[in-house]
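The values are calculated or read from the model by the stated rules, or taken from the named source; none is laboratory data. Every value quoted in this text rests on a predicted model; they were computed, and no experiment measured them. With ideal geometry, Cβ positions are generated from the backbone for all residues, glycine too; neighbour counts draw on all protein chains shown. Just so you know, the surface numbers come from the protein's heavy atoms only, side chains and all, with ligands and any DNA or RNA stripped out. Shrake-Rupley method; radii C 1.70, N 1.55, O 1.52, S 1.80 Å.
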Amino acid sequence: MLHGPAAELGEDRASKKKAKLGMILFLFYLSLYVLFVVIGLFYTDLMSMKVVFGLNMAVTYGIGLILLAMIMGFIYSLICTSMEDKMNKEAEL
């Protein structure tokens, strides 16, 4: 017994805009990550400095990067959903 797709898949009219948004968010995150690596390589004394709640900058920055990735994923999802809804409504008219 073969099962078909759960939903009808059609043309994705928002794919170009979603790809552009994804690339912008990726480059933004990449720049912050590169800064983290550069600080870790060349300014190790800065990474050992206590910043928040007795945690050093390395831990704080690392946790911040993880949280930022989750927040950016949520924002990307919201924006893409609204783009898809808008472009699908325009196509139906």
Exercise for the section: Calculate how steeply helix 15-42 sits against the longest principal axis of the alpha-carbon atoms of the chain, using the helix alpha-carbon long axis, and give the answer as 0 to 90 degrees to the nearest 10. Expected result: 10
Handout entry: Computed lengthening from residue 59 to residue 79, 0.36 nm per intervening residue step minus Cα-Cα distance
Key = 4.2 nm
Completion exercise
To the nearest 20 debye, the chain has a Cα-centred charge dipole, built from +1 on Lys and Arg Cβ and -1 on Asp and Glu Cβ, of 260
Completion exercise
Hydrodynamic calc, the chain: Kirkwood Rh from Cα pairs, then Stokes-Einstein at 20 °C with viscosity 1.002 mPa s, so D in µm² s⁻¹ is 130
Practice task
Could you look at the range 50-91 and say what percent of its accessible area is carbon and sulfur, using a 1.4 Å probe and all protein chains?
Solution key: 73
Exercise for the section: Pairs of lysines 8 or more apart, or on different chains, with alpha carbons under 24 Å: count those in the chain, would you? Expected result: 8
Practice task
Sticking with the crude label model, points 7 Å out along Cα→Cβ, report the distance from residue 29 to residue 50 in nm, one decimal please.
Solution key: 3.3
Fill in the blank from the handout: Result for the chain: accessible area per residue, probe 1.4 angstrom, in square angstrom, of 81
